[in-house]
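Peer 1: The structure under discussion is supplied below as structure tokens; questions concerning it will follow.
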Amino acid sequence: MGIEKIPRHVAIIMDGNGRWAKLREKPRIFGHRKGVERAKEASEFALEVGIEVLSLYAFSTENWARPKDEVEFLMTLLENYLDKELPTMVEKGIRFHPIGRIHQLPESTRKKVLETVKATEKNDKLTLNLALNYGGQAELVDAFKSLAQMVLEGHLQPREIQEKLVEEYLYTRGQPPPDLLIRTSGERRISNFLLWQMAYTEFYFTSTLWPDFDRAEFLKALLDYQKRERRFGGV
Ligand code: FPP
């Protein structure tokens, strides 16, 4: 590929499916369908260039507020995607790792999600963190609850609660933090995505809508990232 300085972990907020569809006078779900195609393309590209972890924000804890039809469509789309993609994930060495409150997903979706986890757990070429019913604040609340419980039971002293320990209780335990965050469609917000993990992440914003975010766009983001100097609070 000829790209130096490949980020180990890239996070993407895939935004703009609705607007993309609207521009074509189609229903929003038309945009989501194309969005799934681009999510597959992004995973393949990540694999090819040697990115270790790709985190895709597919459904947030706030997305339940969308019309019921759209939520149902997204869940069905996810189930179909997992059905269709499983053989590819197995063949290419992609480990499927959902992040979020998976236990609150509809039964059939949860079942499929957990099956896919099981079938890909030994894979190690690329970890695909798919954020489903994910919220960064919720993730931290869950971690703090676990730590509080351990203190309550006398297994942990408050002074032992350090950054490294908190990280053990996040969905991303054991993974490097995102080096690069990409957000499409012109919005410049973090929207509750990987809040703890993005302490030193480089941000890349593009006006391109997610259904138009192809390999060339991904490459552009990587080239932009390459030019940046990261100091992590040092000099
Ligand atoms: C943002 O567009 C998109 C979402 C909230 C859903 C993201 C979902 C996909 C790309 C498909 C699911 C992915 C997989 C891998 C199953 P928007 O609806 O917020 O668009 P808008 O901001 O233009 O309204």
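Taken together, the values in this text are just the output of simple stated rules run on the coordinates, not laboratory data. Fair warning: this is a prediction, and the values are worked out from it, not measured in the lab. Here the Cβ positions follow ideal geometry from the backbone for every residue, glycine too, while neighbour counts run over all protein chains shown.
Peer 1: Tell me, how many Å apart are the Cα centres for region 1-68 and for region 136-163?
Peer 2: Centre-to-centre (Cα) distance: 32 Å.
Peer 1: At most 10 other Cβ atoms within 10 Å and a DSSP loop assignment: could you name the GluC sites (Glu not before Pro) in region 1-55 that fit?
Peer 2: Here the sparse-neighbourhood loop sites are E4, E25.
Peer 1: Please arrange D142, D124 by counting, for each residue, the other beta carbons lying within 10 Å of its beta carbon, fewest first.
Peer 2: By the 10 Å Cβ count, ascending, the order reads D124, D142.
Peer 1: When only C-alpha pairs under 8 Å and at least 6 residues apart count, what is the relative contact order of region 90-176, in percent?
Peer 2: It rounds to 33 percent for region 90-176.
Peer 1: Here's another thing I want to ask about it. Could you list log10 I(q)/I(0) for region 77-235 at q = 0.09 Å⁻¹, which the Debye formula gives when each Cα is one point scatterer?
Peer 2: -0.39
Peer 1: Helix check for the chain. Which DSSP H runs span at least 15 Å along their own axis by Cα, with a mean Kyte-Doolittle hydropathy no less than -0.5?
Peer 2: Taking the DSSP H segments of the chain (at least 15 Å long, mean hydropathy at least -0.5), we get 68-92, 136-152, 215-226.
Peer 1: Also, quick follow-up: If each residue's Cβ is checked for other Cβ atoms within 10 Å, how do K34, K227 rank with the fewest at the top?
Peer 2: K227, K34
Peer 1: Once you put a point 7 Å from the Cα of L165 and another 7 Å from the Cα of Q137, both along the Cβ direction, what distance in nm separates them?
Peer 2: 2.5
Peer 1: Relative contact order of region 1-152: what whole-number percent is it, with Cα pairs under 8 angstrom and at least 6 residues apart?
Peer 2: That works out to 27 percent.
Peer 1: Rounded, prolate or oblate: pick one for region 14-113, where a ≥ b ≥ c are the square roots of the eigenvalues of its C-alpha gyration tensor, a/c under 1.5 means rounded, and failing that, prolate if a/b is larger than b/c, else oblate.
Peer 2: Since a/c reaches 1.5 but b/c is at least a/b, the shape of region 14-113 is classed as oblate.
Peer 1: Name the GluC sites (Glu not before Pro) in region 68-157 that are in a loop by DSSP and that have at most 14 other C-beta atoms within 10 Å, would you?
Peer 2: Loop-located and lightly packed - E121, E153.
Peer 1: Net charge around H103, counting only other residues with Cβ within less than 13 Å of its Cβ (Lys, Arg = +1; Asp, Glu = -1)?
Peer 2: It works out to a net charge of +1.
Peer 1: Could you line up I13, I190 from fewest to most neighbouring Cβ atoms inside 10 Å?
Peer 2: I190, I13
Peer 1: For the chain, what is the charge dipole size about the Cα centre, in debye to the nearest 20, if Lys and Arg each add +1 at the Cβ and Asp and Glu each add -1 at the Cβ?
Peer 2: That gives a dipole near 380 debye.
Peer 1: Would region 163-232 count as rounded, prolate or oblate if I go by the C-alpha gyration tensor, calling it rounded below 1.5 in a/c and otherwise prolate when a/b exceeds b/c, oblate otherwise?
Peer 2: Prolate, since a/c reaches 1.5 and a/b exceeds b/c.
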